[in-house]
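Here, each number is a calculation from the coordinates, and none is a lab measurement. Bear in mind that the values here come from a model prediction, so they are computed numbers and not experimental data. Ideal geometry is used to build each Cβ from the backbone, glycine not excepted, and the neighbour counts take in all protein chains shown.
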2 protein chains.
Amino acid sequence: MEVVEYDKRKCPTHVSTGECTKHLLPVKDALDILSGKWKLQIILSLTFGKKRFKQIQREIPGLTPKMLSKELKELEINELATRHVYDTSPVSVEYEITPYGRTLKPIIEELHKWGSKHRKRIITRSGRSTL
Amino acid sequence: MEVVEYDKRKCPTHVSTGECTKHLLPVKDALDILSGKWKLQIILSLTFGKKRFKQIQREIPGLTPKMLSKELKELEINELATRHVYDTSPVSVEYEITPYGRTLKPIIEELHKWGSKHRKRIITRSGRSTL
DNA sequence: TATAGTGGTTTCCTAAAGTATACCGGTATC
DNA sequence: GATACCGGTATACTTTAGGAAACCACTATA
């Protein structure tokens, strides 16, 4: 991962897209964190408090242990959630969102704002009441 | 596509995730528009002016006509871009971003802001200079 | 001793996303 | 007449995301 310096002014039409592509790297990073079928739901679930593995699974219908395991690992790698193992018997594990994880809030809100308007726009135009 | 009324206060832990899932639908809509390998690059390219099909393809290395065609159709469906056919010979076609398409700007900027910080954070922590 | 819950992993499979390559009719150029 | 540009489409392929089911060691409970 190269630390890329970019300049918005370098992005107009005539300029090599190389610069623009670099400009997009951080956007893609953010998108990667949020996209996929389960990430948002898991983050949201943790937003409302510490949770145990099976607890999260029960809260999110359809979520298999394989996917949950994978997503939680990614959240840990990105420092968005932490994993606490308690020395009980049998061991119990809790997942908690980090303060850093909570900094995703504005971004999710922005997506929600735009998405809501877009929903209305497309629904209205197509005249459908269901999809 | 059901028009869903939701209430943020209904989302805490103890509440059925059904409500929360509905709350996430618009977020997913927005995410769908931006995710994928090419969408952002195409939108960005159009941001800097009208473009012809081959022109976009040349600007974005690796983009095949099939993918470009598909993505442009989706942009049209979502009213984010328009397709103009000119009666020249041979016909020329231009794609243009709509004013509505430009309303994506704040969302992309928010993603960029968060993504930039995240990049620095993860790079710094891991001590890598390249990925 | 059987059953259920915990926190996962493993294997196999399907569906969707994306790639590669060739091709089409039209026109203009060499 | 051959070649090249335009705006794509068609077909076949690979890669990735995600799903289904079984399984593991451990413990508590009946």
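Once you average over the residues of B:104-113, how many Cβ atoms of partner chains fall within 10 Å of each Cβ?
Average neighbour count from other chains, rounded to a whole number: 6.
What are the nm distances, shortest first, from residue A:73 to its equivalents in the other copies, labels at 7 Å along Cα→Cβ?
So the label point of residue A:73 gives 3.7 nm to the other copies.
For segment A:43-57, just list the computed ³J(HN,Hα) in residue order, Karplus coefficients 6.51, -1.76 and 1.60, θ = phi - 60°, integers in Hz, with x standing in for Gly and Pro.
Taking θ as phi minus 60°, the curve returns 4, 4, 4, 5, 4, 9, x, 4, 9, 9, 3, 5, 5, 4, 4 Hz for segment A:43-57.
What does the structure give for A:115-123 when I average, per residue, the other chain Cβ atoms found within 10 Å of the residue Cβ? If you can, show how the numbers build up before the last one.
Numbers: counts 11, 8, 5, 11, 8, 2, 3, 5, 3.
Shielding by partners across A:115-123 averages 6.
Got the residue A:58 label distances to the other copies yet, label 7 Å along Cα→Cβ, in nm, shortest first?
Listed shortest first, these distances are 6.2 nm.
Counting only other chains, what is the mean number of Cβ atoms within 10 angstrom of the Cβ of each residue in peptide B:27-38?
Numbers: counts 13, 8, 9, 12, 9, 3, 4, 8, 6, 2, 1, 0.
What the average comes to for B:27-38 is 6.
At a 10 angstrom cut-off on C-beta neighbours, averaged per residue, how do the peptides B:36-44, B:60-68 rank from highest to lowest?
The packing order, highest mean first, is B:36-44, B:60-68.
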